[in-house]
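The values are calculated or read from the model by the stated rules, or taken from the named source; none is laboratory data. These numbers come from a predicted model, not from an experiment. Positions of Cβ are generated from backbone atoms using ideal geometry, with glycine treated the same way; all protein chains shown enter the neighbour counts. Note: areas computed on protein heavy atoms with side chains; ligands, DNA, RNA excluded. Shrake-Rupley method; radii C 1.70, N 1.55, O 1.52, S 1.80 Å.
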Amino acid sequence: MENQTPSPEILPEALPLVEAIRTASKGGALATLKSLEKEFPDLDISVLIEGSGAADLKKMEGSEDVYFFSDLSMTEAYAIHLFRIGEKDPVRLIAETVRDESRIYPRPTPAATFSDPPFSLGARALEEALGRMTLRPDAADIKRTYASNGALYLYSDRFLGAAHADALAEWLEVGVRENP
C-alpha cells in the first residue's frame with residue numbers, strides 16, 4: 001500500500017517545516033518552535049505552519065515552548081505525554097497523567113510507570129516529585145495506595161474512591177498474577 005498523504009496541497013514554502021514535523025513525529029518526538037526556529041531561521045514558523053494546508057499537524061502551547069506533531073504517525077495521547085515531559089514539571093506530569101488514567105479507564109497508576117519510557121524519571125527524581133506533590137495545592141487530589149506486595153499506586157480522588165483504587169491496585173499488582 002502506498003504512503004497516503006493528506007489530500008490538500010501543501011503550501012510549497014511550508015513544505016520543509018511540514019516534513020520536519022512529520023519526521024520528528026515518526027521518530028517519536030515533538031517538534032518545538034524553538035528547534036524549528038534554529039533549523040529555519042529565515043522563516044515565519046507559526047504563520048507558515050498554520051497556513052500550510054497540512055491538516056495532520058497539531059499544535060500544543062505550553063509555558064516552556066510551542067510543540068507540534070503529525071497525527072499521521074503519532075497519537076494525541078502520546079503527544080500529550082511528550083508535551084508534559086517537555087514542560088519540565090514532573091509534579092504536573094505525574095498528576096495530569098494519573099488524573100487521565102483515573103478518569104478515562106478508571107484505574108490507579110503504578111508509580112513505577114514514571115520510571116519507564118517515555119517518562120524515564122530516575123528513582124530519585126520520582127521520589128522528589130512525589131514528595132513535592134504533597135505540598136502542591138494543584139495536586140491535592142492525587143492520593144497514594146499500596147498493594148499487598150508494597151507496590152505504590154497513585155490515583156485521583158476526583159475520579160476514583162479510595163476503596164475502589166485500593167481494590168484495583170491489589171488486583172492489578174497481585175490478583176492478575178495469581179489468577180492466570
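Rounded to the nearest 0.05, the FRET efficiency derived from the C-beta distance between E9 and Y105 at R0 = 35 Å is 0.30. Remark: the range 114-119, residue by residue, has Karplus-estimated 3J(HN,Hα) of 7, 8, 8, x, x, 5 Hz, where x stands for each Gly or Pro and the curve is 6.51 cos²θ - 1.76 cosθ + 1.60 at θ = phi - 60°.
Here the range 34-180 has 54 percent of its accessible surface on carbon and sulfur atoms, given a 1.4 Å probe and all protein chains in place. Using the charge dipole of the chain (Lys, Arg: +1 at Cβ; Asp, Glu: -1 at Cβ; taken about the Cα centre), state which of A112, G150, Y67 has its Cα farthest towards the positive end. It is G150, whose Cα lies furthest towards the positive end. Would you mind checking K38/K59; K34/K88; K34/K58; K34/K143 for any pair whose Cα atoms are more than 27 angstrom apart? Too far apart for the 27 Å limit: K34/K143. Measure nothing but the geometry: give the 0 to 90° angle between the long axis through the Cα atoms of 15-26 and the longest principal axis through the Cα atoms of the chain, rounded to 10°. Approximately 20 degrees, to the nearest ten. Extension gain, E61 to S73: 0.36 nm times the residue separation minus the Cα-Cα distance gives 2.3 nm.
Simple spin-label estimate for D141 and A167 gives 2.2 nm between the two label positions (7 Å along the Cα-to-Cβ direction from each Cα).
Across the range 87-180 the C-alpha pair distances fall into 5 Å bins from zero in the proportions 3, 15, 25, 25, 20, 9, 3, 1, 0 percent.
Between A140, A111, A95, the GNM of the chain built on Cα springs shorter than 10 angstrom shows A140 fluctuating the most. Here the dipole of the chain is about 700 debye; that uses its Cα centre as origin and unit charges on the Cβ of Lys and Arg (positive) and Asp and Glu (negative). If each residue of separation counts as 0.36 nm, what is the full-extension length gain between R124 and K88 once their alpha-carbon separation is subtracted? Length gained between R124 and K88: 11.4 nm. Between I80 and E178, the modelled label-to-label distance comes to 3.4 nm, taking each label 7 Å out from Cα in the direction of the beta carbon.
Overall shape: oblate for the range 31-94, with the ratio a/c of the largest to smallest alpha carbon gyration tensor axis at 1.5 or above and b/c at least equal to a/b. Probing with 1.4 Å while keeping every protein chain in the model, the per residue accessible area of the range 26-143 equals 53 Å².
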